[in-house]
Amino acid sequence: LIHPQRRSLKRVIPVLAIGSIFLYLFMSRTGHLPVGYFVPLMLIDVAALLFEFHLCVQTDWKGAVFWTIRAFMLGEFNAALEWLLLSYGVVYAGAHRSPVYIGVVCGLTTAGVVAATGLGEHHLMKKQPDMTFTGTEVLGELLIGLLLYAISNISFIAKSSPFAARYAQEILMLRMYIDGAAVVILCFYTIVLYQSKAEVENRTLRTM
């Protein structure tokens, strides 16, 4: 919604609504499947986000992949934070889907989005709305995202690993910290790309 190259709201809102409903139904219906289905199911989730972004923003596929990775990791952070709060509420407060809990989750989600876009990159995007990414830059972001995502989920995939947590509360805290770090790292990676491209353009203009 805040991307400088966003298409009209008449197109964006229906796409986001349909995409959100699909993802909710898909994830709620597949949550009970064995861990062996984890990777293909997450690939379907990411593909849905990718098509949403491609339909909502005027950019090429490289740009769509770049921002999809960012959106996915931000969603993972918010989900980990929600699960941590829900786990704490169920175990210690006896609460579940109460209005207060829903309000807290919505507030934290909003705060996460604002924080992720308010670290300087939104200002840079407005200054360079038509900036494109190279395949190497997208690959670099993809590798960073995959590494951090693998570390975040290792407790679910390889429980016997020395790097995995054993208890639910520990797993959720580990996921929240790593996913939060991923959001910040990818944000600063984006800022560095924008700044380096701007410096190259300025040097090119000075030498002309």
Selection from segment 18-76 of residues of a type outside the set (A, V, I, L, M, F, W, C), surrounded by 13 or more Cβ atoms within 10 Å (Cβ to Cβ) and assigned to a helix (DSSP H, G or I) yields G19, T30, D45, E52, H54, K62, G63, T68, R70, G75, E76
Checking the condition under 15 Å from the mean Cα position of the chain (by Cα) and modelled with pLDDT under 80, which residue from L43, L1, L49 passes? L1
Quick one: is V184 modelled with pLDDT under 85 and surrounded by fewer than 12 Cβ atoms within 10 Å (Cβ to Cβ)? no
Of L85, L81, the only residue that is over 22 Å from L146 (Cβ atoms) and modelled with pLDDT under 85 is L85
Y167: within 22 Å of S87 (Cα to Cα) and at pLDDT 80 or above, yes or no? no
Qualifying positions in segment 61-90 - over 12 Å from the mean Cα position of the chain (by Cα), among the aliphatic types (A, V, I, L, M) and under 27 Å from I191 (Cβ atoms): A64, L81
G145: part of a helix (DSSP H, G or I), at pLDDT 70 or above, under 19 Å from I185 (Cα atoms) and not hydroxyl-bearing (S, T, Y), yes or no? yes
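The values are calculated or read from the model by the stated rules, or taken from the named source; none is laboratory data. Since the structure is predicted, the reported quantities are computational estimates derived from the model, not experimental observations. Neighbour counts are summed over all protein chains in view; Cβ atoms, including those assigned to glycine, are modelled from backbone coordinates with ideal geometry.
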